[in-house]
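Accompanying notes for the structure given below.
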There are 2 protein chains.
Amino acid sequence: MSTTRTDISTLGEFGLIDHIHQGVTLRNATSLKGIGDDAAVIDAGEEVILLSTDMLVEGIHFDLAYTPLQHLGYKSVAVNVSDIAAMNGKPEQVVVSIALSNRFSVEAVDALYDGIKAACESYGVDLVGGDTAASPSGLIISISILGRTKKGNEVYRSGARENDVICVTGDLGAAYIGLQILEREKEVFLADPNMQPDLEKHEYAVGRQLKPKARMDIIHELADLGIKPTAMIDVSDGLASDLLHISKNSNVGVRIFEDKIPIDEDAFNTAVEFKLDPFTCALNGGEDYELLFTIRQQDVEKLKKHYDIQMIGYIHSDPKQNVLITKNENVVPLRAQGWVHF
Amino acid sequence: MSTTRTDISTLGEFGLIDHIHQGVTLRNATSLKGIGDDAAVIDAGEEVILLSTDMLVEGIHFDLAYTPLQHLGYKSVAVNVSDIAAMNGKPEQVVVSIALSNRFSVEAVDALYDGIKAACESYGVDLVGGDTAASPSGLIISISILGRTKKGNEVYRSGARENDVICVTGDLGAAYIGLQILEREKEVFLADPNMQPDLEKHEYAVGRQLKPKARMDIIHELADLGIKPTAMIDVSDGLASDLLHISKNSNVGVRIFEDKIPIDEDAFNTAVEFKLDPFTCALNGGEDYELLFTIRQQDVEKLKKHYDIQMIGYIHSDPKQNVLITKNENVVPLRAQGWVHF
């Protein structure tokens, strides 16, 4: 019997995931793609079924001191829908499991499910099952989602090729900035419960943290324009980290330009007020749930004037050269920070 | 804003599930069956995909004082496979999410996944994804599973008809009896840590609790015999509760005979030793993960001599008359006890 004890913190979250998945092989012909993308891909005749799952844990992923349960429910579905979007699929079914302690009332559960059901309606998803369990403490939400697309229409992290152009939707960093605001207001409130939270002037960033949207609109628009991205991922860990996933899986290098990174103006100003570098927030903040994708040169013209898609760089051949070109033309290596929970 | 606070305990687990699922409707044509069976049923051309999910919470569903992590991993997959078996399907893919606190080491995670991977191998299932999260305390395992069968071959809880014969596989009650033994040994150990647990003479019941098997063997045998059950469910909540699910969903009544209920001899003796009624354990214990199904009269002959399938009663037309006939020919109404966690 082994007497070694290795702390999980020595691996980190990505390291732990890699460690767990070592030696996992696929046995069934219907398993077209297993671990390693935004969703697994399952054969369904002329179509493929996409399967993804996410778990949200109280005290780790959310703080009920400032997270309305309705928003939490909505977000927990939206982040799963975002994984299906990132595979170029249409979300169709979710199963929702919750574990909760007896400090939650039926009314609290209703608020949570109001949000879940609202998100299901927004994204045209059916709630088809789930599990309900007691928990010794805290709330845990685990959602699995099925999506679908025509076989061959699914987009992997691995398809980026030299000279492809890197695109990102919406703006980045605001969700992280929103989180900083909420954490500050919580501290203020704990220090003096008579203080009312001052969230209105930071509405955009706070909303991005509490009520993220999955970019299904972009998936539909790309289809309408006849564009199939060569690679895609949703920005959940942060732009840098998610670009590195594309680099690793596609075996190519990425080169992006700081001055092209889209940041909301209000969020920018708020970041500065909080003594945070807005570009660092955009690169490493995460939870923006925007789509990050690559397109072929021939599709550039079609997206050049899109109001909500920004071209931020391009793909080159060397997978070891993943860099950011700063405004001062310094070349800085991209590093994955992601989240450190352990 | 409502100021009412209703305790979840006023609803119970089944009540809470019913409450949550009120007003849920299906939007997508691909959602053939949503909430209310062992798995959701999703259209996949000539086949259907079956989707089920289960969450196991430390301190509620398992106690690590006496549950080896490897067995826990195996069980967490097996109980999901059992849901696919109960739909008459073949399991194919799982996604596994875990949340765990830093008291768990990498070696502990490895032990858990050794069990998960062993179960995947036993049942021919592919591990195709998952999520890993930190937890403020305790271990939570959430698994979703995909299964598959030809369209029309899936079996629902709702198909039982008058005069169908009720069958159950294996034996019942031992998993609950095993749990009582484990709980007793834990008390003994806590009172005097020098006491060594005395589990060997109760090996069968303890094994049924810690290492349940999903009855995929029966699914294959029924297919070989050309038998499609008219209704099916796996015995997770207890025979009585699961029979009532068939009654409610099929809108029929069930009539079973106490002396036909299969109970393992060793488990029977252990129950008596523990001053438990073995039949109550079989009726209400749950976690046996045997298959409970109904067959047409014309299929009775084919299963009459099956070594591991017992016919325990029959279906009649009145959904309000769900009864057990005792050995003394008393007629006792069946009641769902299930589990009370809240």
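Among residues of segment A:248-297 being surrounded by 22 or more Cβ atoms within 10 Å (Cβ to Cβ) and of a type in the set (Ser, Thr, Tyr), the one that is nearest to A:Arg157 (Cα to Cα) is A:Ser250. Considering B:Ala214, B:Ala223, the condition of being crowded, with 23+ Cβ neighbours inside 10 Å and either without any contact (Cβ under 8 Å) to a residue 60 or more places away in the chain or over 16 Å from B:Glu265 (Cα atoms) (or both) is satisfied by B:Ala214 alone. For segment B:169-177, the count of residues that are β-branched (Val, Ile, Thr), in the same structural domain as B:Lys211 (by TED's automatic domain parsing) and in a strand (DSSP E or B) is at least one. Looking at A:Val252, A:Val235, just one residue is in contact with a strand residue (DSSP E or B) (Cβ under 7 Å, 6 or more places away or on another chain) and under 19 Å from A:His61 (Cβ atoms), and that residue is A:Val235. Looking at A:Ser158, is it hydroxyl-bearing (Ser, Thr, Tyr), in a loop (DSSP other than H, G, I, E, B) and in contact (Cβ under 8 Å) with a residue 60 or more places away in the chain? Yes.
Can you say whether B:Ala111 is surrounded by fewer than 24 Cβ atoms within 10 Å (Cβ to Cβ), under 21 Å from A:Thr25 (Cβ atoms), touching a residue at least 40 places away in the same chain (Cβ under 8 Å) and not assigned by TED's automatic domain parsing to the domain that holds B:Ile219, as far as the supplied structure shows? In short, yes.
Among the residues making up segment B:324-342, those that are more than 18 Å from the chain's Cα centre (by Cα) and surrounded by fewer than 18 Cβ atoms within 10 Å (Cβ to Cβ) are B:Ile325, B:Thr326, B:Lys327, B:Asn328, B:Glu329, B:Asn330, B:Val331, B:Val332, B:Pro333.
Kindly indicate whether any position in segment A:174-186 is hydrophobic (A, V, I, L, M, F, W, C), in contact with a Cys (Cβ under 7 Å, 6 or more places away or on another chain) and crowded, with 21+ Cβ neighbours inside 10 Å. Break it down into steps so the answer makes sense when it comes.
Residues of segment A:174-186 that are hydrophobic (A, V, I, L, M, F, W, C), as a first pass: A:174-175, A:177, A:179, A:181-182.
Still in the running and in contact with a Cys (Cβ under 7 Å, 6 or more places away or on another chain): A:177.
With crowded, with 21+ Cβ neighbours inside 10 Å added as a condition, the list becomes A:177.
The answer is yes, given that some residue of segment A:174-186 is hydrophobic (A, V, I, L, M, F, W, C), in contact with a Cys (Cβ under 7 Å, 6 or more places away or on another chain) and crowded, with 21+ Cβ neighbours inside 10 Å.
Would you confirm, using the coordinates I've provided, whether B:Ala240 is in contact with a Phe, Trp or Tyr (Cβ under 9 Å, 6 or more places away or on another chain) and crowded, with 22+ Cβ neighbours inside 10 Å? Show your work before the answer.
On the way: in contact with a Phe, Trp or Tyr (Cβ under 9 Å, 6 or more places away or on another chain): no; crowded, with 22+ Cβ neighbours inside 10 Å: yes.
Criteria not met by B:Ala240.
Here B:Ile84, B:Ile143, B:Ile98 are screened, and the one residue that is modelled with pLDDT of 95 or more, in contact with a Pro (Cβ under 7 Å, 6 or more places away or on another chain) and closer than 28 Å to A:Ser31 by Cα is B:Ile84. Remark: pairs (first residue in segment A:27-43, not assigned by TED's automatic domain parsing to the domain that holds A:Asp242; second residue in a loop (DSSP other than H, G, I, E, B) and basic (Lys, Arg); Cβ separation under 6 Å; 6+ apart in sequence or on different chains) = A:Asp37/A:Arg157. Screening B:Leu146 with (1) within 18 Å of the chain's Cα centre (by Cα); (2) more than 7 Å from chain A (Cβ to nearest Cβ) gives one miss only, at (2). All conditions but one from (1) at negative phi; (2) modelled with pLDDT under 95; (3) within 24 Å of the chain's Cα centre (by Cα) apply to A:Lys305; the one that does not is (3).
Here's the yes/no breakdown for (1) crowded, with 20+ Cβ neighbours inside 10 Å; (2) under 30 Å from B:Ser250 (Cα atoms):
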{"position": "B:Tyr123", "(1), (2)": "yes, yes"}
{"position": "B:Ser137", "(1), (2)": "no, no"}
{"position": "B:Ile141", "(1), (2)": "yes, no"}
{"position": "B:Arg148", "(1), (2)": "yes, yes"}
{"position": "B:Asn153", "(1), (2)": "no, yes"}
{"position": "B:Gly159", "(1), (2)": "no, yes"}
{"position": "B:Glu162", "(1), (2)": "no, yes"}
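Among residues belonging to segment A:122-143 that are out of contact with any strand residue (DSSP E or B) (no Cβ under 6 Å at 6 or more places or on another chain) and over 22 Å from B:Ile35 (Cα atoms), point out the one that is nearest to the other protein chains (Cβ to nearest Cβ). Here the residue is A:Pro136.
Among the residues of segment A:103-126, write down those that are of a type outside the set (Val, Ile, Thr) and closer than 13 Å to B:Asp18 by Cα. Spell out how you get there, then give the answer.
Taking segment A:103-126 first, the residues of a type outside the set (Val, Ile, Thr) are A:103-105, A:107-108, A:110-115, A:117-124, A:126.
Within segment A:103-126, A:Asp110, A:Tyr113 qualify.
Every condition in (1) surrounded by fewer than 21 Cβ atoms within 10 Å (Cβ to Cβ); (2) over 19 Å from the mean Cα position of the chain (by Cα); (3) on the phi < 0 side of the Ramachandran plot; (4) assigned by TED's automatic domain parsing to the domain that holds B:Ser144 is met by B:Gln22 except one, and the failing one is (4). Within segment B:5-22, work out how many residues are of a type outside the set (S, T, N, Q), over 19 Å from B:Gly238 (Cβ atoms) and either more than 7 Å from chain A (Cβ to nearest Cβ) or part of a helix (DSSP H, G or I) (or both). Result for segment B:5-22: 4. Tallying residues that are crowded, with 16+ Cβ neighbours inside 10 Å and touching a strand residue (DSSP E or B) at 6+ places or on another chain (Cβ under 8 Å) within segment A:1-16 yields 3.
The values are calculated or read from the model by the stated rules, or taken from the named source; none is laboratory data. This one's a predicted model, so the numbers in the text were calculated from it and none came from an experiment. We place every Cβ from the backbone using ideal geometry, glycine too, and count neighbours over all the protein chains shown.
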